[in-house]
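Worksheet for the structure shown next.
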Amino acid sequence: MRSARLLGRSASAILLVLAATACTSPTRFRQPITNFEEASVATAEAFKASLLAANQVERDLAIFRAARVEEPLGDGADVFFAPTFSLEGIGVRLEALQAIGLFAKRLKAVAESSVGTETASAIGSNVSNFNGLAARIDEVANAGIDTASLSALTSPVGTLVGLIARLSIEQRQEQVIADAVRDAEGPIVEIIGFMKEDARAFERLRRTADGEMLARLVLDYNTDIENGALSTESARRKRLNAINKQAVTYQSTVSADVAVAFNQMEQAYKALAEYARTPDSDIVFGNLIQSIDIFLVRADIAYDAARKLQEALEANAAETGADETGTASESGGPLAGGHVSPARR
């Protein structure tokens, strides 16, 4: 567990790290950048699961309300095909986060002098995957199928892709790494800030919807008990099981605080940029190591909570399928299959 690693880190351990890399050199950047990249991947995967879960809860809540005869289901297209976060919008958001990961990977390659071992075509392929991303973001934003603020990603993403291309042709030099880290601080912080706000919107949506469904299930149960509508133990157990499942989903939603992971991701990169500005300071380097470790812990927590949320949603969907057809439905998602957080690999 990364948390154990963090809690076990003492002042003497940090001093050992500093002593091992006492001279200011590109290799001193290597481990912080590697850990930043790993935690960024875990956070991106948790974010993907969270956005897909947000879309599902909008459908679930609409169906839940309709089933209670509170309001009509409405136009099917509105309920099922026009969620807050469109699939196209989710795609470009994840590409923007992947661009941050590729930037960190390129920094590590420069620090390790491995940039020269890659073929020109491989380097070009990595960068070309993100060419046109800014235009794709604008296209989705202008189509009106996602949040209107999506276009705010266009400028920082374009700048970051340009920095990735520049790193792809540099040789191993400490100043090259430091300059790139500093130059990328603005666009990376902007991209993370945008994702953080989306994560907060998701959490508000899920907490409100899941909380409402849990409260309604409890209210319905109590009302039916008073009216004598649940006279058998099996009927009561079935309803209580449904309440318990919804409670598990709600708890997972509360725990899946991806916005906190993004906040620590922002702090970790700022610490990296501060070290790039003052590479001779062991205090700043110690702060960087600590900030990166905290980010690893928060990324683990977000990833695990998102996985549990997905499992709870899949269990509810399987239960619904079993109730309607007699057999549990199969379901899968971005965190299915018992995957380990990339921050722990």
>> Suppose we keep only residues that are part of a helix (DSSP H, G or I) and without any contact (Cβ under 8 Å) to a residue 24 or more places away in the chain within region 142-153. Which one would you say is farthest from A201 (Cα to Cα)?
In response: N142
> Do you know which of the residues in region 271-286 that are outside any helix (DSSP H, G or I) and touching a residue at least 60 places away in the same chain (Cβ under 8 Å) is nearest to I188 (Cα to Cα)?
Replying inline: P279
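Table: residues versus (1) crowded, with 19+ Cβ neighbours inside 10 Å; (2) hydrophobic (A, V, I, L, M, F, W, C).
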position: V181; (1), (2): yes, yes
position: I191; (1), (2): yes, yes
position: T208; (1), (2): no, no
position: A215; (1), (2): no, yes
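Coordinate-derived values only; no laboratory data. Note that the structure is a prediction, hence the values are computed from the model and not measured. A quick note on method: Cβ atoms are made from the backbone with ideal geometry, for glycine too, and the neighbour counts reach across all protein chains shown.
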